[in-house]
Amino acid sequence: MQTLDPIDWNKFKGERQQAKTLSGIHPGHLERYFFAAGQVSGRVLDAACGCGYGSKILHDSGSFVTGIDLEREAIDYARQHYPGPEYILADVTKFAANYDCTVSLETIEHLTEPELALRQFRKSRRLIVSSPNQDNYPFVAGKFANDRFPHQRHYTPLEFESLLRENGWRVCGRFCQIEKHTPVVPGTDGKFLVFVCE
C-alpha cells in the first residue's frame with residue numbers, strides 16, 4: 001500500500017480535526033457524527049476516520065466500529081486518544097469488507113475518483129455520506145491548494161444524488177447543515193449535504 005510522507009501536524013493545522021478530546025473538535029464535524037450515530041447500529045465502517053473522534057462517537061452509540069484512514073499518523077493518533085474502535089491503515093478506494101453501515105463524512109469531495117470508494121462502500125447495506133453543497137458553498141480550487149488532500153469538487157444536491165445512484169445507492173434520506181457549525185436537519189438547502197442511502 002502506498003503511504004505518504006510523515007505529517008507535520010502544525011503545517012496542516014485546520015485541515016484535519018486533531019484534538020485529544022471532543023471539546024477541541026469543530027462543532028460542525030461533531031454534528032455530522034452525532035447525526036450518523038443516531039442512524040447506525042451493528043458493525044459500522046468509518047471510512048476516512050482521520051484522528052478517530054468520529055469513530056469514537058459511533059462506537060459510544062453502541063456500534064462495533066472499524067475506522068480506516070490512509071495515514072499512519074492519523075491511525076496512531078486515533079488509537080492513542082480515541083480507544084474503543086478498531087483502527088486500520090487502509091485506503092477507502094481499496095478497502096473491501098462487509099458492514100451493516102458505512103459512514104464517510106468529509107471524504108467524497110477529496111477524491112479524484114469517488115466512484116471507486118462508493119463501489120467499495122456498496123458492500124455495506126447502508127451508507128451515510130456528506131459533501132459540501134455546490135449551490136451554497138461553491139468550489140474554489142485555490143482555497144484548498146495548500147491542503148494535503150485538497151477538495152476536488154463540490155456537488156449540487158442533484159449531482160450528489162446522481163453520483164450515488166450511478167454507483168448502486170438509493171438515497172432514502174436527504175439532510176443538510178445550514179451552516180458549518182449547525183445541527184443536521186432535513187432538506188438540501190444548507191452548505192453541507194448529508195445523505196442516507198441504501
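Values quoted throughout were computed directly from the atomic coordinates according to the rules given, and no laboratory measurement underlies them. As the structure is a prediction and not an experimental result, all values here were calculated from the model. Cβ: placed from backbone, ideal geometry, glycine included. Neighbour counts: every protein chain shown.
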**OP:** Please enumerate the residues belonging to segment 136-159 that are free of Cβ contacts under 8 Å to residues at least 40 places away in the same chain and either assigned to a loop (DSSP other than H, G, I, E, B) or surrounded by 14 or more Cβ atoms within 10 Å (Cβ to Cβ) (or both).
**Re:** P138, F139, V140, F144, A145, N146, T156, P157, E159
**OP:** Count, please, the residues in segment 182-196 that happen to be within 20 Å of H110 (Cα to Cα) and under 16 Å from the mean Cα position of the chain (by Cα).
**Re:** 6
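Yes/no matrix, rows are residues, columns are (1) crowded, with 21+ Cβ neighbours inside 10 Å; (2) of a type in the set (D, E); (3) closer than 21 Å to D46 by Cα:
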residue: L111; (1), (2), (3): no, no, yes
residue: R119; (1), (2), (3): no, no, yes
residue: P132; (1), (2), (3): yes, no, yes
residue: S162; (1), (2), (3): no, no, no
**OP:** Go through segment 93-119 and give me each residue that's within 19 Å of S162 (Cβ to Cβ) and over 14 Å from the mean Cα position of the chain (by Cα).
**Re:** T112, E113, E115, L116, R119
